Amino acid sequence: MIKITLPDGSVKEFEKNTTPMEVAKSISEGLARNVISANFNGNTVETKTPLTTDGPLTLYTWNNPEGKKAFWHSSAHLLAQAILFFHPDAKLTIGPAIENGFYYDVDFGEQGISESDFKNIEDKMLDFARQKFEFEMREVSKADALAYYEEKGNEYKVELIKNLTDGDITFCDHSDFTDLCRGGHVPNTGIIKAVKIMSVAGAYWRGDENKPQLTRVYGISFPKQKELKEYLELLEEAKKRDHRKLGKELELFAFSAKVGQGLPLWLPKGAALRERLENFLKKAQKKAGYEMVISPHIGQKELYVTSGHYAKYGEDSFQPIHTPKENEEFLLKPMNCPHHCEIYNTKPYSYKDLPKRFAEFGTVYRYEQSGELHGLTRVRGFTQDDAHIFCTPEQLNEEFNAVIDIVLYVFSALGFEDFTTQISLRDPEDKEKYIGSDENWEKAENAIMRSAKEKGLKTIIEYGEAAFYGPKLDFMVKDVLGRSWQLGTIQVDYNLPERFDLTYKGSDNQLHRPVMIHRAPFGSMERFIAILIEHTGGNFPLWLTPEQVILLPISEKYENYTKKVLHLLENSEIRALVDDRNEKVGRKIRDAEMNKIPFMLIIGENEEKEGTVSVRKHSEGDLGSFTVEEFADIIQNEIDKTLQQF
């Protein structure tokens, strides 16, 4: 007999070689009908994998992210099978599940694939799915695996297998299709009821521009046709909210081929919006005891060698800048933290001086591959709302909790209400990726988990997601379309203070190392604004929007009264403009609605006579007539309600 521990902590005994599906049936037939994957002893297994030892078992359904991963990975096999049906000479490479769906990278040789082929591939995938083929895993020796793919002339799979260890190689079979695969499948293809090929794109083999370019075929699948329909409707809504589209329409930012790929240009309205975001955070930071600093856009290469960033990001950075002086090299800075360490090092501190909280909206540069650039969400130059707190170990808990408060304040003011915090820890199986001692890592990880618990945050733990110098608390926010984004991060770091020899004098008159907290509530300003645009659909919170009010005089006869109203609004620090075009007021209202201006003030004969304005709210319609003072109070009350005191 073996003992199986279920997620609720209960322990059940089963005969050896019982499968996860049989465990599910012992709980309920309903659960068994919905189980599509499982995890045993920390490893993804098939629902029919025999369990031979004691251990914890988690059963996954479609409603679980790991269940979706198995579903989409299985669908990638179906996609590959369908591609080979139409293109038998194509060479398959890799086909993983991704956040939404799956893809398969394929070398089609001289042939290609286009949108006109999508329907045939979808139909063939569903044809295979209806036959309810079971996924069968089998171990294969390295020699046999190499021989199999060498015979097929697939140099990509051969390269993958050469990097694997004999005894660790498995193939997956279903129907007449075989693929190199680590596992994680649904019980059979019949569970897959709806598929859609989304797009094709170019992708270099293993992401290396010097290697062959493949065709990446993206797809998505669902257990019900209704869910596919809902997903496609959501995508249509996402297209309307695309920050690249709205950014152009609302005149917020632009890109120029002459300036360079991935280097955004902020237009006046976008620059004003960004400045308000910065001022909003600066005000909260000032109350929390932060001091603003400014560091240069470049630094000597040695600075980043000391910090470890050169070893970690050197290949992804812009090439070194060589000066006329022999052997002198500078880099565009990839991170602000090394500069802040040197700011701390400009004078000695005692424990009485700590914590020191240095904040900067610092621009950094990474040479992202051109194929990975995407609007503002993936750029080569971006500004981080960076701050670094240098504190004693005794102050760490209080300081970390205070940073959480700032992040929550930012989310509240901007309408991000649905979020989970991810505790990102190092990979215990691959510690070589990280710098620092086990002792320091343990202290840092424990500090984050303690703070998250004290603040009552909804958390998940992810191993292998830590920064190379320390663990993180990442805020995973869901937007109105249900998409998850990583916004805001807080990190505990015992390692950079050692690398930069940072010290303070303790109460014992001895020198000690400070602990360093890295934090960025927005993360990247560019990425944050992109997500904010899509979350709000361009309908920004009233305190943030570039133009809060537009005045719409019915005719030029009311020009003087319109100017008077504008002056009164500006005195109340309300951002307003006048549409004095020779157009009908209906056209002006439509244009104001298109430009997503929150309030429209209609001004005509009655308004001038009574000293009022007729107020219309974006997407809601007429609110009635008010004096300018009453309207100014409406604006201020709405802003105060959103921006509660920090």
### Query
If you check Leu373 against the conditions, is it modelled with pLDDT of 90 or more and out of contact with any Lys or Arg (no Cβ under 8 Å at 6 or more places or on another chain)?
no
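Check Thr93, Thr47 and return the single one that is outside the structural domain of Gly153 (by TED's automatic domain parsing) and surrounded by 21 or more Cβ atoms within 10 Å (Cβ to Cβ).
Numbers: Thr93 fails: outside the structural domain of Gly153 (by TED's automatic domain parsing).
Exactly one residue qualifies, and that residue is Thr47.
Can you list the strands (runs of 3 or more DSSP E) lying wholly within the range 1-98 that have 1 or more residues being among the aromatic types (Phe, Trp, Tyr)? Walk me through it before giving the result.
Numbers: elements: 2-5, 11-14, 37-40, 43-45, 55-60.
Once the strands (runs of 3 or more DSSP E) in the range 1-98 are filtered for at least 1 residues that are among the aromatic types (Phe, Trp, Tyr), what remains is 11-14, 37-40, 55-60.
Tell me whether the range 300-307 contains one or more residues that are part of a loop (DSSP other than H, G, I, E, B) and either touching a strand residue (DSSP E or B) at 6+ places or on another chain (Cβ under 8 Å) or acidic (Asp, Glu) (or both).
no
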### Message
Being buried (at least 19 other Cβ atoms within 10 Å of the Cβ), in the same structural domain as Pro338 (by TED's automatic domain parsing) and either farther than 30 Å from Glu432 by Cα or polar (S, T, N, Q) (or both): is that true of Gly260 here?
### Response
no
#### Entry: Number of positions in the range 561-606 that are in contact (Cβ under 8 Å) with a residue 40 or more places away in the chain, closer than 13 Å to Val628 by Cα and assigned to a helix (DSSP H, G or I)
5
#### Entry: Selection from the range 72-97 of residues that are touching a helix residue (DSSP H, G or I) at 6+ places or on another chain (Cβ under 8 Å), farther than 20 Å from Lys193 by Cβ and free of Cβ contacts under 8 Å to residues at least 60 places away in the same chain
Phe86, Ala90, Pro96
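Considering every residue within the range 528-550, establish whether at least one is more than 26 Å from His243 (Cα to Cα), of a type in the set (A, V, I, L, M, F, W, C) and touching an Asp or Glu at 6+ places or on another chain (Cβ under 9 Å). Walk me through how you get there before you give the answer.
So the first thing to find is which residues in the range 528-550 are more than 26 Å from His243 (Cα to Cα), and the list is none.
No, the conditions are met nowhere in the range 528-550.
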#### Entry: Residues of the range 430-483 classified as part of a loop (DSSP other than H, G, I, E, B) and closer than 24 Å to Glu498 by Cα, total
11
### Message
Of everything in the range 198-229, what is farther than 17 Å from Gly112 by Cβ, exposed (fewer than 12 other Cβ atoms within 10 Å of the Cβ) and not basic (Lys, Arg)? Give them in sequence order.
### Response
Gly207, Asp208, Glu209, Asn210, Gln225
### Enumeration of residues in the range 356-388 that are touching a Pro at 6+ places or on another chain (Cβ under 8 Å) and either in a loop (DSSP other than H, G, I, E, B) or of a type in the set (A, V, I, L, M) (or both)
Val364, Arg366, Leu376, Val379
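Quick one: would you say Val480 is over 14 Å from Ile435 (Cβ atoms), buried (at least 20 other Cβ atoms within 10 Å of the Cβ) and among the β-branched types (Val, Ile, Thr)? Outline the logic, then answer.
Details: over 14 Å from Ile435 (Cβ atoms): yes; buried (at least 20 other Cβ atoms within 10 Å of the Cβ): no; among the β-branched types (Val, Ile, Thr): yes.
No, not satisfied.
Name the residue, out of His73, His77, that is within 20 Å of Leu228 (Cβ to Cβ), in contact with an Asp or Glu (Cβ under 8 Å, 6 or more places away or on another chain) and modelled with pLDDT of 95 or more.
His77
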### Query
Of everything in the range 515-553 that's among the aromatic types (Phe, Trp, Tyr) and part of a loop (DSSP other than H, G, I, E, B), which residue is surrounded by the most Cβ atoms within 10 Å (Cβ to Cβ)?
Phe522
### Task
Scan the range 99-119 residue by residue and report those that are surrounded by fewer than 16 Cβ atoms within 10 Å (Cβ to Cβ) and part of a helix (DSSP H, G or I).
Glu115, Ser116, Lys119
#### Entry: Residue in the range 186-193 that is part of a strand (DSSP E or B), modelled with pLDDT of 95 or more, in contact with a strand residue (DSSP E or B) (Cβ under 9 Å, 6 or more places away or on another chain) and among the β-branched types (Val, Ile, Thr) present
no
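The values are calculated or read from the model by the stated rules, or taken from the named source; none is laboratory data. Predicted model only: the values in this text are computed from it and were never measured. Every residue, glycine as well, gets a Cβ built from its backbone with ideal geometry; the counts of neighbours run over all protein chains shown.
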